[in-house]
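The values are calculated or read from the model by the stated rules, or taken from the named source; none is laboratory data. What you see is a predicted model, and the numbers here were worked out from it, not measured in a lab. Heads up, the Cβs are rebuilt from the backbone with ideal geometry, glycines too, and the neighbour counts pull from every protein chain shown.
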Amino acid sequence: MSKDAKNVPALRFKGYSDAWEKRKSKALFSPSSQKGRPNLPVVSVTQDSGVVFRDKMDINIDYDRSTLGSYKVVKPGDFIISLRSFQGGFELSDKVGITSPAYTIFNFKKPEEHFSDFWKYLFKRYLFVQSLKSVTFGIRDGRSISFKDFSDLNIIFPSSKKEEETISRLLGLIDDLIAATQDKIDALEQAKRALLQRLFDQSWRFKGYSGSWEKHKLGDLAKRVRGNDGRMDLPILTISAGNGWLTQKERFSQSIAGNELKNYTLLAKNELSYNHGNSKLAKYGAVFALKKYNEALVPRVYHSFDVSGKADSNFIEYLFSSKTPDHELRKLISSGARMDGLLNINYASFMNISLLFPSIEEQQKISRILEIIRKLSSETLFVLSRLAQIKKDLLQELFI
């Protein structure tokens, strides 16, 4: 055992002041290789979901049931060194089952002195995963980390089980918040999908609206935007099919416009663009209205248009996010609207698409409710990112 006054984390709970201990792993843990329980459920080890029952996984893994007698028994509180632990750390089991003999299983020599969840977080910390590099010689050849490899690593940990528990309970609360926030994001995404389907196939209508939607060619409602008055001090944007308008620095970590900026299109708020050479147009409905900025510069590879006074730009954007225009886009694709393997839907062909439109008032009601969902999703994603950063900071400051 070794105690060092320097072994104190930067962030400490009140009531704890002792230096943390430093020991080699083999002084704390011992391997487990119990076998001969073929009737127990088979578990698999994943970096994303930890230890999961194999029959609950989405993928079908074939295995010889006659070999189950050689599988290792896993119990709650056991740690598992999986085949790719050098990338993501060790996993803590919360299940009883058996797993492939290719996995290394270990547990505390004195489990009554430790709180397992604390070690779950310690074994997932970036610095611990980095420390595994010192024992991963040969990993590229397919060799996994053995208990012998792990046993000589030095580990620094609290001198009391109570501090281990206090730290892990805080991190557990953060994990619960992260999971609940992700559930909210998933629920909002489901709500958005339902609204996009039901509002645009007209199976859901707002009270007071019952008239038939009218068919219009997009070109009847749109005016092409191509101008540029020479200003260079505007945001430079690019389309991301999954995230809409982003600055070039957000998308590419730098501005890629260079000397081509003078050839960019000046786009005003609520005007729309699509990338005619983007193979994701049909899949994601990548038609986006400018919302965040009053004006911006966008590449000429995007065809831009304005529907002011004739349609609601947000409605147009959500219309193309729904499945409604699919058949029209497929017609263009099947008619040969391709170039070098990408879609090449020119402006004239795109404007020839015929779609059903309600009154502008109903368009605005539809887009307004979808904008509320979008805003809630954006805000919740921000909360999720902040929680992830808080957890990252705590994993750094609460440990050594």
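So E189 fits all but one of (1) touching a residue at least 60 places away in the same chain (Cβ under 8 Å); (2) over 18 Å from the mean Cα position of the chain (by Cα); (3) exposed (fewer than 15 other Cβ atoms within 10 Å of the Cβ); what number is the exception?
Of the numbered conditions (1) touching a residue at least 60 places away in the same chain (Cβ under 8 Å); (2) over 18 Å from the mean Cα position of the chain (by Cα); (3) exposed (fewer than 15 other Cβ atoms within 10 Å of the Cβ), the odd one out for E189 is (2).
Name the single residue that is modelled with the lowest pLDDT among those in the range 353-375 being surrounded by 16 or more Cβ atoms within 10 Å (Cβ to Cβ) and not in a helix (DSSP H, G or I).
Among those residues, the one meeting the criterion is I353.
Can you name every residue in the range 309-334 that is in a loop (DSSP other than H, G, I, E, B), at pLDDT 95 or above and touching a strand residue (DSSP E or B) at 6+ places or on another chain (Cβ under 8 Å)?
Selection gives A311 alone.
This table checks each residue for (1) acidic (D, E); (2) in contact with a helix residue (DSSP H, G or I) (Cβ under 9 Å, 6 or more places away or on another chain).
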{"position": "W204", "(1), (2)": "no, yes"}
{"position": "G211", "(1), (2)": "no, yes"}
{"position": "E214", "(1), (2)": "yes, no"}
{"position": "K217", "(1), (2)": "no, yes"}
{"position": "D220", "(1), (2)": "yes, yes"}
{"position": "K223", "(1), (2)": "no, no"}
{"position": "T238", "(1), (2)": "no, yes"}
{"position": "N243", "(1), (2)": "no, yes"}
{"position": "E250", "(1), (2)": "yes, no"}
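Show the residue pairs meeting these rules: Cβ distance below 6 Å; 6+ apart or different chains; first residue within the range 107-121 and touching a residue at least 40 places away in the same chain (Cβ under 8 Å); second residue among the hydrophobic types (A, V, I, L, M, F, W, C) and in a helix (DSSP H, G or I).
F118/I167; Y121/L171
Please indicate, with yes or no, whether at least one residue in the range 207-214 is under 16 Å from P325 (Cα atoms) and surrounded by 13 or more Cβ atoms within 10 Å (Cβ to Cβ).
Yes, the range 207-214 has at least one match.
Return yes when S159 is at pLDDT below 85 and either touching a strand residue (DSSP E or B) at 6+ places or on another chain (Cβ under 9 Å) or not in a helix (DSSP H, G or I) (or both) and no when it is not. Before the answer, list the steps.
On the way: at pLDDT below 85: no; either touching a strand residue (DSSP E or B) at 6+ places or on another chain (Cβ under 9 Å) or not in a helix (DSSP H, G or I) (or both): yes.
The answer is no for S159.
If you check I239, I256, which single one turns out to be at pLDDT below 90 and part of a strand (DSSP E or B)? Don't jump to the end; show me each part of the working.
Working: I256 fails: part of a strand (DSSP E or B).
Of I239, I256, the one residue that is at pLDDT below 90 and part of a strand (DSSP E or B) is I239.
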